[in-house]
Amino acid sequence: MSNKTKRLLEKYNILVEHLDYGYIGKCSDGSELEKIVKILRSGQEGHYPDLTVFAMRQLKSVKPDSKLFRQETPLVTRYSTTSEHWDRINQDLTKWENDMQNLQNDMLSVKEPSPRDLPPIRTASFKDGQSSEIAIKKQDMRIKSCDYENWDRYDPDAEILKMDLEEERHKDLVLKENERNLSDKIIQEIHPNDVTVLTEAEKKILALKHKEKGNDYFRSKEYQQALVEYNNSIAIFPSAACFNNRAITKIKLMLYKEAISDCEECLKKEPTNVKALCRKAEALKLDDKRREAYQTYCQILRLDSEHKLAKGAIEDLRRQLPDLPPANSFQVQIEEVVNDDDDFAALVKPKKIVKDKLPEAVQSLKTETAKMVQKAKTANLQESKVEILPQRPTKKVLIEEIN
């Protein structure tokens, strides 16, 4: 007997009276409004387009980040995108396939069994040989058509009662098995603190699963749950990509200092990761460290000179802080020299010593001037017929020496 599918009203425990404009307009519970919208969309209680739009509007005001507002985007095909984009997608897929193949090879290459206790393999209640023997016995127990003596002893009511009892016994067995499966977990989830029993390849795979869960939570804007999954992934196997994803999650949660620390951890593993540099610069800028953010954006331009985000951010920061240096400038380090003796003359060592020629020039000027004056006097005396007295050696020079 097949189980009848429950209506959404019964499944969500919502009253029919709640599918009303008055109740929906006063409701402030986002989860209940989501259930009401699902019921109205299903059409099980009738088709009410205006009421559905009104419920969606109320849900938008109460819980704007609800999953019901997600819109499906068409799949990207080879003919719906550019050839460069399609080639880049193929390259990413090929890289992912190679990484998964390498992980699988690493796991298969481990010869020693894992030291942890694994649950036993689930098997059937009897072996194949036993099942074949039971089938043969049932076939032998069947009465042949020409065996009239056994047909005379055959009691249909007793056989029907046996069949009913067998069916009831089978139902009880199935119910007990279901209860046991619900109460006892055959496989328990491994806690991130108990990963010492795992191999390196198993750690990578388990960390990758937690990272993918975190990515799903991040896309649905559930940042707190995404942060928990990224923490589990890093605790199992720290990777640059997970540090990078956790950094942008912490930026969304306004944990800027922790986001900067995650970006630095990512850059330790991948120093040329432009995405990590962008997120570090954004976190620095939001943390009111605009000069440090400017230096980080300049570092991005050194790696990618055509990065549009970095160029726009640098122009914005230079408008805010006019004293910032140009993006392509570099700082020169000046080393200070300390001399205990204060002998600064020893620091200046001329390459070539040139003799001072000024005294010789002054002496030559004095001699030439005296000769010229003496010649002029001699010429004047000869014209006036005046006897020229001999020059005394103690006579003063007319032009004094220049100090």
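FYI, it's all coordinate maths here, none of it is from the lab. Being a predicted model, the structure only gives us computed values, none of them experimental. With ideal geometry, Cβ positions are generated from the backbone for all residues, glycine too; neighbour counts draw on all protein chains shown.
Add +1 for every Lys or Arg and -1 for every Asp or Glu among the other residues with Cβ under 15 Å from the Cβ of ARG302, and state the total. So the environment of ARG302 carries a net charge of 0. Remark: segment 199-288 carries a charge dipole of roughly 160 debye about the Cα centre, counting +1 on each Lys and Arg Cβ and -1 on each Asp and Glu Cβ.
Charged neighbours of ASP287, selected by a Cβ distance under 13 Å, balance to +4 (K, R count +1; D, E count -1). Spatially close Lys pairs in segment 203-267, defined by Cα atoms under 19 Å apart and a spacing of eight or more places or different chains, total 12. In loop segments of segment 1-76 as defined by DSSP, the GluC sites (Glu not before Pro) with at most 12 further C-beta atoms inside 10 Å of their C-beta are GLU72.
A simple rule links phi to the HN-Hα coupling: the Karplus curve 6.51 cos²θ - 1.76 cosθ + 1.60 with θ = phi - 60°, which for segment 204-218 gives 4, 5, 5, 5, 5, 5, 5, 5, 5, 4, x, 5, 5, 5, 5 Hz, with x for Gly and Pro.
A simple spin-label model places the labels of LYS268 and ALA158 8.2 nm from each other, with each point 7 Å out along Cα-to-Cβ. For segment 217-332, pairs of C-alpha atoms spaced more than 23 angstrom apart make up 32 percent of the total.
Label-to-label distance for ARG57 and GLU258 is 4.0 nm, based on points extended 7 Å past Cα in the beta-carbon direction. Which whole-number percent is the relative contact order of segment 1-113 (Cα, under 8 Å, 6+ apart)? For segment 1-113, the relative contact order is 19 percent.
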